[in-house]
Amino acid sequence: MKHLHISDDIQLKLDDVIGRLIAILGIRGSGKTNTSAVILEELLKYNMPLTIVDIDGEYWGLKEKYEILAVGKSENVDVKIEVEHAEYVAEVSISKNVPVILDVSGYLNEKIYKLLFKYFKRIWYLAGKFRKPYMIILEEAHEFIPQCIKTDLKEVITRIALRGRKRGLGAVIISQRSAKVEKDVLSQAEILFLHKVVHPADLKVYKEILPLPSKDVVDMVTALNVGECIFYYGEFVNL
Ligand SMILES: Nc1ncnc2c1ncn2[C@@H]1O[C@H](COP(=O)(O)OP(=O)(O)OP(=O)(O)O)[C@@H](O)[C@H]1O
Ligand SMILES: [Mg+2]
């Protein structure tokens with residue numbers, strides 16, 4: 001049996017992660033990216049093909065241990081790409097099982113949206129053909145799947161997150177503003193890593209997610225330090 005070793009207390013079966021929606025939430029600096037990197041290392045150990053949308057150029061350290069293709073625009077990428085190459089890279093990643101860091105830190109916003117739309121549209125289509133495990137990891141998820149606002153990019157990411165399972169597609173969505181992420185997506189997350197939040201609107205989201213009295217949620221969240229989170233997967237464990 002293949003397990004992802006997340007911490008001393010938490011192990012997830014690889015089979016329970018494939019095709020699932022994972023959410024990592026919490027304020028700036030609460031440890032989300034660190035948690036995400038731990039999960040990714042475990043997935044990469046099992047050669048899971050995936051794409052990390054790296055907004056701030058934070059993930060290239062993974063290249064020291066794992067074979068990952070870094071593309072996009074920044075000084076850390078192996079190959080600089082433009083919007084017109086997005087579909088090809090997506091195709092290589094999913095058809096040849098190549099993990100990809102899509103470092104978009106050097107593009108202007110408009111280009112990021114166009115590139116990600118083409119990329120994920122292709123991933124969705126090809127996942128329908130290949131039907132094998134594949135994960136997408138999305139930092140700053142509130143930017144791409146915002147509450148209430150409709151965009152083509154949001155539509156395709158939502159489709160992957162909510163309907164990807166039959167195609168083997170899973171997603172890790174990461175955000176520092178839980179209340180600004182589309183609720184229809186967030187409410188379907190099955191595995192949650194809830195780091196500290198302070199904004200009342202974000203706390204409200206935690207209260208809605210966790211089947212606990214409000215006061216208990218507030219007490220637990222208030223006590224969290226950097227790197228600590230509430231792990232929720234049908235049961236609780238404190239990291
Ligand atoms: N489990 C941990 N143990 C020790 N230090 C940690 C842990 N998790 C995170 N840190 C440290 O805390 C800082 C913030 O972590 P991280 O970048 O993961 O936060 P974040 O929630 O992703 O922040 P942002 O919202 O700005 O992206 C980093 O310096 C990181 O090294
Ligand atoms: Mg981060």
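Table for the structure above
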quantity: Single match in A90, A23, A86, A70 (criterion: within 16 Å of ligand 1 (Cβ to nearest atom) and of a type in the set (A, V, I, L, M)); calculated: A23
quantity: Strands (runs of 3 or more DSSP E) (entirely within the stretch 171-239) containing at least 1 residues that are farther than 28 Å from D54 by Cβ and at pLDDT below 95; calculated: 236-238
quantity: Within the stretch 1-105, helices (runs of 4 or more DSSP H) holding 3 or more residues that are among the β-branched types (V, I, T) and under 22 Å from I160 (Cβ atoms); calculated: 32-45, 86-95
quantity: Complete set of residues in the stretch 34-59 that are surrounded by 23 or more Cβ atoms within 10 Å (Cβ to Cβ), within 11 Å of ligand 2 (Cβ to nearest atom) and β-branched (V, I, T); calculated: T35
quantity: Some residue of the stretch 15-31 being within 16 Å of ligand 2 (Cβ to nearest atom) and in contact with an Asp or Glu (Cβ under 6 Å, 6 or more places away or on another chain); calculated: no
quantity: Residue match in the stretch 185-192 (condition: more than 24 Å from K132 (Cβ to Cβ), touching a strand residue (DSSP E or B) at 6+ places or on another chain (Cβ under 7 Å), away from ligand 2 (no atom under 16 Å from the Cβ) and free of Cβ contacts under 8 Å to residues at least 60 places away in the same chain); calculated: no
quantity: Residue satisfying condition, being within 27 Å of H195 (Cβ to Cβ) and either of a type in the set (D, E, K, R) or within 16 Å of ligand 2 (Cβ to nearest atom) (or both), within set K80, K65, K96, K73; calculated: K65
quantity: Counted residues, the stretch 119-165 - those being more than 16 Å from ligand 1 (Cβ to nearest atom) and farther than 19 Å from R20 by Cα; calculated: 10
quantity: Residue pairs meeting the criteria (Cβ under 8 Å; at least 6 apart or on separate chains; first without any contact (Cβ under 8 Å) to a residue 40 or more places away in the chain and within 17 Å of E64 (Cα to Cα), in the stretch 30-48; second of a type in the set (G, A, S) and surrounded by fewer than 16 Cβ atoms within 10 Å (Cβ to Cβ)); calculated: A37/G61; V38/S7
quantity: Per-region count, the stretch 123-167, residues acidic (D, E) and touching a Phe, Trp or Tyr at 6+ places or on another chain (Cβ under 6 Å); calculated: 1
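The values are calculated or read from the model by the stated rules, or taken from the named source; none is laboratory data. Note that this is a predicted model, so its numbers are computed, not measured. Cβ: placed from backbone, ideal geometry, glycine included. Neighbour counts: every protein chain shown.
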